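Structure record follows, encoded as C-alpha cells.
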Amino acid sequence: MNNQERYETMYRRSIDDREAFWREQAELIHWHKPFDRVLDYDNPPFAQWFPGGLTNICYNAVDRHREERGDQTAIIWVSTEVEQRLEVSYRELYRQVNEMASLLLELGIVSGDRVLIYLPMIPEAIVAMLACVRIGAVHSVVFGGFAALALASRIDDASPKLIITADAGMRGGKVTPYKPLLVEGLAAIAVERPQVLVIDRGLATTPCPIAGEIDFASAIARHAGREVAPEWVESSHPSYILYTSGTTGRPKGAQRDTGGHMVAMRQSMQWIYGVQPGEVMFAGSDIGWVVGHSYIVYAPLLTGATTILYEGLPIRPDPGIWWSLVADYRVSCLFTSPTAIRLLKKTGADWIHAHDLSSLRTLFLAGEPLDKETHRWVTEALGIPVVDNYWQTETGWPILTNFAGLGLMELKFGSPTKPAFGYDMVLLDESGAELGPNTKGSLMIRPPLPPGCMSTIWGDDARFVQTYFSSARQMLYATFDYAIYDDDGYYFIMGRNDDVINVAGHRLGTREVEEALCTHPAVAEAAAVGIQDDLKGQEIEAFVVLMSHAAIPSEDELKAVVARQIGGIAKPKFLHVVPGLPKTRSGKVIRRAILAIAEGRDPGELPTIEDAKMLDVIRDAVQHR
Ligand code: PRX
C-alpha cells in the first residue's frame, strides 16, 4: 500500500467503524478504570467519549513517564527576553507539579473548581496547568496579551476560585506588567472576587499590590516534597476551558473533556505529527492559544516527548534564533504560524542555512491561511516537507492535515490536504445542499465530533447547539469557514464566513473590537473589519461615529482604548472618525460593504441600504489612510 492508500484505509475505518477505530487509539493512554463504551451519542450533538472510564491527564503526562523516562527532559525553557535557559526533567516536573497541586488544595481548590491562569511563557504556567488537572480542577488560561476587558469577561464567565498570575512578562525587551491589567479587570467583574496567587519574577518596575494576594515563592516553599495522588475523574470530566471569539462580543468558553482529549492528543502525535517518545517538539506559539495547549503542553507531554517553551520573538536577538534552537536541541518537529514564517521570509533564507537542521523532519503551519508563495518558499529553504494543517480552538487538533506519522501523501501548495481521522466533512451551498468538488461552500462536519473536540460551551449547552449546529442543515457542525475541494479530494480553505478575523494567527471577533471602542465616552458606534494584509494575513480597520457634542478624541487615543481593553493584538492598524456608517433599513451595519471598500473592491448591489451616500463616507475615509 502506498501512503495515499494507507490513509484512505484508516480514514474510512475511522468513519465507518468509528468505535473500533477509537478503541484502538484509546490504548495509547492509561485508564485507571476501563471505559464501558467507546461513545455515548444518545443526546446529539453532545458526544461523550469513553464513558465509564476513569483517568487523569497529569498521571498520563507526568507520572507515567517518571517511571519510564524520569531523567529525560520534559520541558526546555528558553527565554530570549530574560536570557535564561532551563531544562526540566520528567522527575523534576513530577516534583513541581505535586507541590503546586498541594498548594492548590491548601487554597481550597477541589475537583471541578476553575482556576484562571494569566501567565507569561514560563515553566510555572505548564506546571500550573498540570497541577490543576491532577486534582480535577478546570483551568482557563488567558493569553498574556489580553487586557482588562478580555480578562473581566472571562473571569465573569468561568467564575474561578483562584487566579494565578505573575508580576510581568517581557516582549521584545520591554517589560509588560500583568498585575495592573488584572487589577483593572478585577474592578470590572460581577462575580465573587477570586484569590490571587502571584509569581514574582522581579521584572515589574513599579509595585502594584493586589489586596490579599498570595506570594507564590513563599507559599510553595511550605509544600516542598509533598505528593498529591491524582484524582481519577470520569472521561467526560472537563479538563479545561479556553475562550475564543465568535460573532458576538461575548467570548465562548470551549470546554474540553479528559479522556477524549488525551486520546486525540496522543493519536495526533502518532499519525499526524509523527513525534515519538523521547523526541523533541517545538511549537512556536503561546500557551494562551489552543496551539499552545495542545502542542506545547498536552500532546508532547502525554507522548513522553520533550517540549520547548519559548519566551520571546522569532526575530530577536536575530532571525536565526528558532533555527539555532532546532540545531541545539535536535528538534524533529517544528510547529508555528504562517505569519511567523512570512516574517522570517523577509529576512531571507541565509538565516536558515546557517544552522544544522538535520534533525528536523517536518514543519507544521496552522492558524490562518498559508499562501502558496510562503509555502513554496519555506519548503525550498528548509528542504523538508511543510504541512499546512487546518483546525480550530473548538476542535483542539487538526481537522484537515497531512500525516507525517503515517507517511506523507503528496503535498499541494495552498492546501491543508485531507480530513483527519474521525472528521466526516460536508460542503454546503447557501440553501443547504451538499456540494461536490471544485465549488466553494461552507465547511461542515457531520457529528459526532471526534474525541478531543469541544464537548460544549462552558455553562451554556443551548448556546453550543445554537452556535454550531443551527445552520441551513440542522445537526451539522459549522466551522464558519468557506472551503473547496479538488478532484483529488484536497481541501483549500477560503476564509471565514462570520465576523471572526485572524490577525497574525490570533483569532478575534469584530464585535469585541467594536465593543471596546464603544467604552470610550465619545464613541456612539463603531464598525471593525479585517482587511487583507501581506504579512499578518489580516489587519483591523475601524470606523467610529462620535457622539454629537463630544470632545473629539484623536485616532491614536481611540486605538489605545482597544489596546487597553482587549490587548495590543486587537489594536486597529487604521482608524477613522466618520459621520456615519452604511446600514440596512433595519439599522444593521453592513460590514461586508465596508470590508469590500476597505479592500478596494466593489461592494456590489446593496438593495437594502438605507443611505448609499454612506458608502462614499467609507471610500473617503480609506483614501486618507
Ligand atoms: O478560519 C480558520 C483559521 O483559523 C480559525 C480557527 O482559529 P483558532 O480557533 O484560533 O484555532 C487555530 C488552531 C490552529 C479557523 O476557523 N485557520 C486555522 N488554520 C487554518 C486556518 N485557515 C486556513 N488554513 C489553515 N491551516
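Segment VAL426..ALA217, full-extension length gain: 70.1 nm, with 0.36 nm per residue of separation and the alpha-carbon distance subtracted. In a reduced charge model with +1 at each Lys and Arg Cβ and -1 at each Asp and Glu Cβ, the chain shows a dipole moment near 360 debye about its Cα centre. Cross-link partners of LYS571 among aspartates and glutamates, defined as those whose alpha carbon lies under 16 angstrom from its own and excluding same-chain residues fewer than eight positions apart: GLU512, GLU514, GLU515, ASP533, GLU539, GLU541, GLU555, ASP556, GLU557.
Amide H to amide H distances under 5 Å link TYR243 with ALA254, where only residues 5 or more positions off or on other chains count and H is placed in the peptide plane.
Could you tell me the distance between the Cα centroids of region 2-32 and region 101-176, to the nearest Å? About 35 Å separates the Cα centre of region 2-32 from the one of region 101-176.
Only four residue types carry charge here, +1 at the Cβ of Lys and Arg and -1 at the Cβ of Asp and Glu. Report the dipole size of region 200-308 about the Cα centre in Debye, rounded to the nearest 20.
On the way: 7 positive and 9 negative charges, 44 e Å.
Charge dipole of region 200-308: 220 debye, to the nearest 20.
Close amide H partners of LEU476, meaning residues 5 or more places away or on another chain with modelled amide H under 5 Å apart, are SER471. Projecting the Cα atoms of MET100, TYR90, ILE76 onto the charge dipole of region 69-109, computed from C-beta unit charges around the Cα centre, puts TYR90 farthest toward the positive end.
Of all aspartates and glutamates in the structure, those lying under 14 Å Cα to Cα from LYS418, and not within fewer than 8 positions of it along the same chain, are GLU5, GLU8, ASP388, GLU410, ASP486, ASP487, ASP488.
Rolling a 1.4 angstrom probe over the chain with all protein chains present gives an accessible area of which 50% lies on carbon and sulfur atoms. Suppose the Debye formula is applied to equal point scatterers at every Cα of region 109-252; what is log10 I(q)/I(0) at q = 0.11, 0.16, 0.17, 0.21 Å⁻¹? Reported log10 I(q)/I(0), two decimals: -0.41, -0.88, -0.99, -1.43. Within region 494-521, name every residue whose backbone N is under 20 Å away from a label modeled 7 Å from Cα of THR247 along the Cβ vector. Only 494-502, 507-516 pass the distance filter. When the Cα positions of SER442, VAL387, LEU181 are compared along the charge dipole of the chain, LEU181 comes out farthest toward the positive end, with charges on each C-beta of Lys, Arg, Asp and Glu.
Given the C-alpha atoms of region 271-348, compute the convex hull and give its volume per residue in Å³. The partial results should precede the final answer.
Numbers: hull volume 7.1 nm³, N = 78.
It is 91 Å³ per residue.
Converting phi to 3J(HN,Hα) with the Karplus coefficients 6.51, -1.76 and 1.60 and the offset θ = phi - 60°, region 436-452 yields x, x, 6, 10, 6, x, 8, 8, 10, 10, 7, x, x, 5, x, x, x Hz in sequence order, with x at every glycine or proline.
Apply the Debye scattering formula to region 187-317, with a single equal point scatterer on each alpha-carbon and no solvent, then give log10 I(q)/I(0) at q = 0.15, 0.22 Å⁻¹. For region 187-317, the Cα-only Debye profile gives -1.15, -1.29. Per residue, how large is the accessible surface of the chain? Use a 1.4 angstrom probe and give square angstrom. Solvent-accessible surface per residue comes out at 37 Å². Karplus-derived 3J(HN,Hα) values for region 74-79, using 6.51 cos²θ - 1.76 cosθ + 1.60 with θ = phi - 60°, are 8, 10, 9, 9, 10, 10 Hz; glycine and proline are entered as x. Full extension of the segment from MET1 to MET494, taken as 0.36 nm per residue of separation minus the current Cα-Cα distance, would add 174.2 nm.
Taking every C-alpha pair closer than 8 Å and separated by at least 6 residues, the mean separation divided by the residue count of the chain gives a relative contact order of 12 percent.
Using +1 at the Cβ of each Lys and Arg and -1 at the Cβ of each Asp and Glu in the chain, identify which of PRO34, PRO277, TYR298 lies farthest towards the dipole's positive end. Value: TYR298. Sparsely packed loop sites in region 461-514 (the chymotrypsin sites (Phe, Trp or Tyr not before Pro) outside DSSP H, G, I, E and B with at most 13 other Cβ atoms within 10 Å) do not occur. Overall form of the chain: rounded. Here a/c, set by the Cα gyration tensor axes a ≥ b ≥ c, is under 1.5. Note on region 257-335 and region 54-78: Cα centroid distance 14 Å, given to the nearest whole angstrom.
The values are calculated or read from the model by the stated rules, or taken from the named source; none is laboratory data. None of these values were measured; they are calculated from a predicted model. Glycine gets a Cβ as well: all are built from the backbone with ideal geometry, and neighbour counts include every protein chain shown. For accessibility, only protein heavy atoms count, side chains too; no ligands or nucleic acids. Shrake-Rupley method; radii C 1.70, N 1.55, O 1.52, S 1.80 Å.
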